[in-house]
Structure formats: structure tokens, C-alpha cells
Amino acid sequence: MLNVVIFGPPGSGKGTQGQKIAEKYELEHVSTGELCRKAIHTNTHEGVIAKSYIDKGELVPDETIIDMLDSFLEKLPVGKGIIFDGYPRTVGQAAALTEIMKEHGTKVSVMLNLEVEREELLNRLAKRGETSGRSDDNSGTIQKRLEVYDERTLPVIDFYKKKRLYKAVQGVGDIEEIFDRACTILDKIKK
Ligand code: AMP
């Protein structure tokens, strides 16, 4: 079974590439950012907690995110591979994912890290902010999200490097070009 972690800083294209990979390899696409936005929209207890962090550009606490992920995964069909988009964002979440996958009798196959330079990220996020309607796509929050990424999320790379599951994908160029790079890696793993 193919289970993919699509990783990278805010604005690196995780959502776009995650969707495309999910479609091609028939994987369930799980975005914890989307789970948070849905919870906010439906005004659940978890949504209220999530909103207070998201609006400041901070990470939602591990416990809340892991609970949301757990209940989402429980509803998924058994035996289908998964692509995790925007999760894990801390080493604690990465360790929790190892356990969760074990409980489901499977494991993470690969982590794809979309590499994009900071200046390009800032340009993309500012552009996205003009149309996304996302409360966290404004310049102050964007800066904070990138700082949080450096401090808390970057160490996740080492976690997967140690497990020899890490693969870098150059995240610049057009969408299809980046997708092809990701597919080259995934096709090798699937064999
Ligand atoms: P995203 O849609 O992945 O960019 O996520 C939007 C926001 O949701 C992030 O900036 C965080 O505040 C929150 N969020 C999403 N996924 C996570 C996660 N795995 N851990 C903590 N916070 C998260």
C-alpha cells in the first residue's frame, strides 16, 4: 500500500500536488488544514480551538490535530493508500503518525519534500491571499507561519531522513513539471 507524506513550507504547493497525486495513485487525500477549516465552518469545539491558532499563524496543538486526524481516518475505507497533506508539522505528530499507521497495519512509504525558496513562497502566498479568502493569507500571518515552519516543522525532515523515507522534489516550475518529478519517485516506490 502506498502512503505518502507531502511536505513543504506554506505556499510550496502541497495542496495542488497532493490532489494530483491522490487522483493518479487512487489515494485518500487528507489535509489537516482542510479538516480545521471544515471544523471552523461547522463551529465544532475543535473548530473553535483551531481558529484561535490559525488566525495568528500558529500551529494548532498536536492533541487537537491528532484527534481530528484519528476520527477522520477511522471513517476511511480499509486497504486504500493515503496522502497526508500538511501533516505532520511537528516531530510529535510524526511520531504519532508512525503509531497510527501501525494500528492500521501499515506505514508511511515516503515523504516528498517540495523545495521552494523563501522569496518565491512570499510571492505565491501574497498572490493566493488576493483570491483564497483564507484568514491566514495576509502578510503578518504569512511571516509568522514561515517562522513557525522553520522552528517547529523543519525538524520533521530529519525524522524521515533517519527512517530513510525522505525524498526532495524541486517545487519550482510549472505544476505538471513538478508533478512529473513526484511521479518519477512514486513510480519507483510502487514497483
Ligand atoms: P494548511 O491549509 O495546511 O496551510 O493549514 C492552515 C493552518 O492550519 C496552519 O497554518 C495551522 O495553523 C493549521 N494546521 C494545519 N495542519 C496542521 C498540523 N498538522 N498541525 C498544526 N496545525 C495545523
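Scanning segment 58-72 for residues that are open to solvent by less than 40 Å² (accessible area, probe 1.4 Å) and touching a residue at least 24 places away in the same chain (Cβ under 8 Å) gives L59, V60, I65, I66, M68, L69.
Scan segment 83-105 for residues that are open to solvent by less than 30 Å² (accessible area, probe 1.4 Å) and either part of a loop (DSSP other than H, G, I, E, B) or within 12 Å of the ligand (Cβ to nearest atom) (or both) and the total you get is 10.
Evaluate segment 129-143: report whether one residue or more is out of contact with any helix residue (DSSP H, G or I) (no Cβ under 8 Å at 6 or more places or on another chain), β-branched (V, I, T) and under 30 Å from G79 (Cα atoms). Checked segment 129-143: no residue is out of contact with any helix residue (DSSP H, G or I) (no Cβ under 8 Å at 6 or more places or on another chain), β-branched (V, I, T) and under 30 Å from G79 (Cα atoms). The set of residues in segment 150-166 being in contact (Cβ under 8 Å) with a residue 12 or more places away in the chain, surrounded by fewer than 19 Cβ atoms within 10 Å (Cβ to Cβ) and either within 14 Å of L114 (Cβ to Cβ) or of a type in the set (A, V, I, L, M) (or both) consists of I157, L165, Y166. For the condition in contact (Cβ under 8 Å) with a residue 60 or more places away in the chain, open to solvent by less than 50 Å² (accessible area, probe 1.4 Å) and of a type outside the set (D, E), R145 qualifies.
Among the residues of segment 162-174, those identified as under 17 Å from P9 (Cβ atoms), more than 16 Å from the chain's Cα centre (by Cα) and not in a strand (DSSP E or B) are V172, G173. Scanning segment 18-35 for residues that are among the hydrophobic types (A, V, I, L, M, F, W, C) and either more than 12 Å from the ligand (Cβ to nearest atom) or surrounded by fewer than 18 Cβ atoms within 10 Å (Cβ to Cβ) (or both) yields I21, A22, L27.
Taking (1) in a loop (DSSP other than H, G, I, E, B); (2) over 16 Å from the mean Cα position of the chain (by Cα) in turn, V108 satisfies each apart from (2).
Scanning segment 36-82 for residues that are basic (K, R) and either closer than 22 Å to K107 by Cα or more than 10 Å from the ligand (Cβ to nearest atom) (or both) returns K38, K75, K80.
With the structure loaded, tell me whether R134 is in a loop (DSSP other than H, G, I, E, B), surrounded by fewer than 19 Cβ atoms within 10 Å (Cβ to Cβ) and of a type in the set (K, R) or whether it fails that test. So R134 passes the test.
For segment 136-182, how many residues meet the condition of being touching a strand residue (DSSP E or B) at 6+ places or on another chain (Cβ under 9 Å), of a type in the set (V, I, T) and more than 16 Å from the ligand (Cβ to nearest atom)? Adding up the residues that qualify gives 3.
The values are calculated or read from the model by the stated rules, or taken from the named source; none is laboratory data. Please read all numbers here as calculations on a predicted model, not as lab measurements. Positions of Cβ are backbone-derived with ideal geometry, glycine not excepted, and every protein chain shown enters the neighbour counts. Quick note on the areas: whole protein, heavy atoms, side chains included, nothing else; ligands and nucleic acids left out. Shrake-Rupley method; radii C 1.70, N 1.55, O 1.52, S 1.80 Å.
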